Amino acid sequence: MSNMKRKAAFILKIFFTSLGVLFLLAIILSFTSIPYKAYHHLAATDVELPEPPTTIIVLSGVGMPSPDALIKLYFARKVGEQFPKSTIYIALPEKNVLDSLSPIQLMKNELILNKIDSKRIFLSPKGHNTFTQLSELSKVISTSESILIVTSPEHMLRSILTMKKLGYNKVGGLPTFEEPSEEVLLQSRKAKKTEVDNLNLRYNMWSYLQYEIKVVREYFALTYYWLKGWI
């Protein structure tokens, strides 16, 4: 075997060994509370808005109809009802914003159908990532406003840090945590305790593995934003 082939084989061995170690580490972590705590840290649940929001920003990277957009609109509607004098901005990249069937217009219509006054809703179709979307909004929102951001849990910390970098001090978040059905309730009342425990173990493991993927991806994004000076 030539030296080149030996080097290639060695590199492949190191590569697959590293993948195996990372996969094993991910499995081990899925049996701990670390993924859950890391996920909730990204949701910035400890950041409190000092006063009622005057501006609500809905950040959506996925258009309508989608589970991501619908759950964000659900939370936006709830907080919009709670603070009826607040202004709502929907931020979603969109070229055909005047098209009544465009995703951003459909999101607006969903809020209107749920009794949110159309005069309170404004669309922000520019920007291709969190920083550029919020930068566009900073052109029309005063830094004195009290801002509440509605977005997915793993995206919240980066969004709040970006707004603060843009000069906003009164910023809070409403992370769109899902509330899945209690899996135990799907079991027969006569199910053995060991069966319920096994179900909980499998359910938590897969949920925590998903958390790990989201957390790792988001920390890469946070690192990139930090290097760019955006947070």
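The table below gives the values:
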| item | result |
| --- | --- |
| Among the candidates V58, V97, residue that is among the aliphatic types (A, V, I, L, M) and surrounded by fewer than 19 Cβ atoms within 10 Å (Cβ to Cβ) | V97 |
| Residue satisfying all of: in the range 1-56; among the charged types (D, E, K, R) and over 15 Å from V216 (Cβ atoms); modelled with the highest pLDDT among these | E51 |
| Out of K95, K165, sole residue that is in contact (Cβ under 8 Å) with a residue 40 or more places away in the chain and of a type in the set (D, E, K, R) | K165 |
| Where S181 falls short, out of the listed (1) at pLDDT 90 or above; (2) under 30 Å from F83 (Cα atoms) | (1) |
| Residue in the range 74-90 that is among the acidic types (D, E), outside any helix (DSSP H, G or I), open to solvent by 70 Å² or more (accessible area, probe 1.4 Å) and out of contact with any Phe, Trp or Tyr (no Cβ under 6 Å at 6 or more places or on another chain) present | no |
| Residues located in the range 104-135, provided they are in contact with a strand residue (DSSP E or B) (Cβ under 6 Å, 6 or more places away or on another chain) and under 16 Å from S159 (Cα atoms) | S124, Q133 |
| Any chance L166 is open to solvent by 40 Å² or more (accessible area, probe 1.4 Å), closer than 19 Å to W226 by Cα and of a type outside the set (G, A, S) | yes |
| The range 134-162, subset part of a helix (DSSP H, G or I) and aliphatic (A, V, I, L, M), residue nearest to the chain's Cα centre (by Cα) | M156 |
| Given (1) crowded, with 19+ Cβ neighbours inside 10 Å; (2) under 30 Å from F220 (Cα atoms), index of the condition V140 fails | (1) |
| Qualifying residues in the range 121-133 (those that are open to solvent by 40 Å² or more (accessible area, probe 1.4 Å) and outside any loop (DSSP other than H, G, I, E, B)) - the one farthest from L73 (Cα to Cα) | F131 |
| Residues satisfying the stated conditions in the range 32-55, i.e. open to solvent by less than 50 Å² (accessible area, probe 1.4 Å) and within 16 Å of the chain's Cα centre (by Cα) | P35, A38, Y39, H40, L42, A43, A44, V47 |
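The values are calculated or read from the model by the stated rules, or taken from the named source; none is laboratory data. Since the structure is predicted, the reported quantities are computational estimates derived from the model, not experimental observations. Every residue, glycine among them, receives a Cβ derived from its backbone with ideal geometry; neighbour counts consider all protein chains shown. Quick note on the areas: whole protein, heavy atoms, side chains included, nothing else; ligands and nucleic acids left out. Shrake-Rupley method; radii C 1.70, N 1.55, O 1.52, S 1.80 Å.
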